[in-house]
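The values are calculated or read from the model by the stated rules, or taken from the named source; none is laboratory data. What you see is a predicted model, and the numbers here were worked out from it, not measured in a lab. Here the Cβ positions follow ideal geometry from the backbone for every residue, glycine too, while neighbour counts run over all protein chains shown. Only protein heavy atoms, including side chains, enter the accessible area calculation; ligands, DNA and RNA are left aside. Shrake-Rupley method; radii C 1.70, N 1.55, O 1.52, S 1.80 Å.
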Amino acid sequence: MSQTPSNADFDSLLPGRATLAGSTRRSALQMALGVGYAAAAVPVMAQTAIKTPDTGLTAGTIQYTVDGFQVSAYRAAPAGKTHLPVVLVIQEIFGVHDYIADTCRRLAQLGYLAIAPELFARQGDPRKYTEISQLQSELVSKVPDAQVIKDLDAALAWAKDNGGDTSRAGITGFCWGGRITWLYAATGKVKAGVAWYGRLQGAASELQPKHPIDLSSALKAPVLGLYGGKDQGIPLESVEAMKQSLQKAGAAGNAAAAASSFHVYPEAGHAFHADYRPSYRKDAADDGWKRMQDWFKTHGVI
């Protein structure tokens with residue numbers, strides 16, 4: 001009989017708390033990664049949630065170590081294949097739940113090794129929160145950008161050792177992960193990025209010293225931004241400011257900035273690709289998915 005991991009189970013992953021029991025609980029969490037939806041994401045729209053089969057795939061939870069901490073990730077890839085192009089899939093604020101795992105399987109069915117690390121694990125379990133505001137203030141806001149970048153570097157290293165060709169790597173992310181997509185495109189580790197409604201501007205802090213608009217001149221991979229015209233959290237003024245920043249960087253000689261682009265869906269709001277939420281807009285989501293595939297192909301992530 002399967003059991004649902006408790007908060008104490010997640011605590012067993014924290015540094016200095018490794019025990020035999022913790023090892024068993026850690027295994028339970030591995031099994032739970034990518035299963036079900038975060039409590040704060042309700043109501044879940046079961047009638048629109050896409051369920052991609054894992055037929056022909058190797059899919060499930062893997063682990064790799066970063067600075068002594070075991071990072072769990074969901075990965076999906078065509079079974080028995082090697083030298084696969086790699087896509088990093090970056091979670092929303094809800095962590096690596098069913099929607100993110102399904103996105104990995106969709107990419108794997110297209111021929112990619114897709115990997116989605118659980119990037120909040122050191123700070124806590126996003127699945128235990130029932131209120132988005134509390135999740136944001138108590139967990140998400142405490143995750144350092146530098147930690148995220150290191151975890152993504154290590155995810156690429158794992159992929160390289162497990163059938164992936166990281167010379168053909170890309171990144172895509174949603175909401176919180178959309179912002180991370182822009183940041184990671186400045187590292188030189190991927191060939192292209194697709195950011196779905198990620199925040200572009202904000203106040204600098206110790207944990208988030210720079211935002212996408214601050215990194216236009218540092219971009220090393222072109223990014224396609226997919227945004228909603230009715231997004232209440234990311235106004236079109238912010239999108240326009242980012243466009244101007246990219247144009248300025250491109251004019252100054254940054255080829256990745258010059259190649260970056262936006263597509264705005266006028267009638268869509270935030271999270272229009274999230275097929276399990278009321279915000280889902282199928283036409284925009286389907287069009288964005290096609291644009292993402294075309295973007296990756298154009299920029300060598302194929």
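Run down 58, 103 and say which single residue is polar (S, T, N, Q) and surrounded by fewer than 19 Cβ atoms within 10 Å (Cβ to Cβ).
None of the other options fit; the residue is 58.
Residues in region 81-129 that are among the aliphatic types (A, V, I, L, M) and assigned to a helix (DSSP H, G or I): 100, 101, 107, 108. Restricting attention to region 106-125, the residues that are more than 19 Å from residue 143 (Cα to Cα) and open to solvent by less than 20 Å² (accessible area, probe 1.4 Å) add up to 6.
Take the residues in region 47-74 that are touching a residue at least 60 places away in the same chain (Cβ under 8 Å) and either of a type outside the set (S, T, N, Q) or touching a helix residue (DSSP H, G or I) at 6+ places or on another chain (Cβ under 7 Å) (or both); name whichever of them is farthest from residue 162 (Cα to Cα). That would be 49. Here residue 81 clears all of (1) among the charged types (D, E, K, R); (2) in contact with a helix residue (DSSP H, G or I) (Cβ under 8 Å, 6 or more places away or on another chain); (3) open to solvent by 50 Å² or more (accessible area, probe 1.4 Å) except the condition numbered (2).
Of all the criteria given as (1) out of contact with any helix residue (DSSP H, G or I) (no Cβ under 9 Å at 6 or more places or on another chain); (2) more than 30 Å from residue 76 (Cα to Cα), the one not satisfied by residue 151 is (2).
Quick test for you: out of 205, 217, 260, pick the one residue that is among the hydroxyl-bearing types (Ser, Thr, Tyr) and more than 26 Å from residue 87 (Cβ to Cβ).
The conditions single out 205.
When the strands (runs of 3 or more DSSP E) confined to region 171-279 are screened for residues that are open to solvent by less than 10 Å² (accessible area, probe 1.4 Å), those reaching at least 2 such residues are found at 192-196, 223-228. In the condition set (1) among the β-branched types (Val, Ile, Thr); (2) modelled with pLDDT under 95; (3) more than 21 Å from the chain's Cα centre (by Cα), residue 42 is compliant with all but (3).
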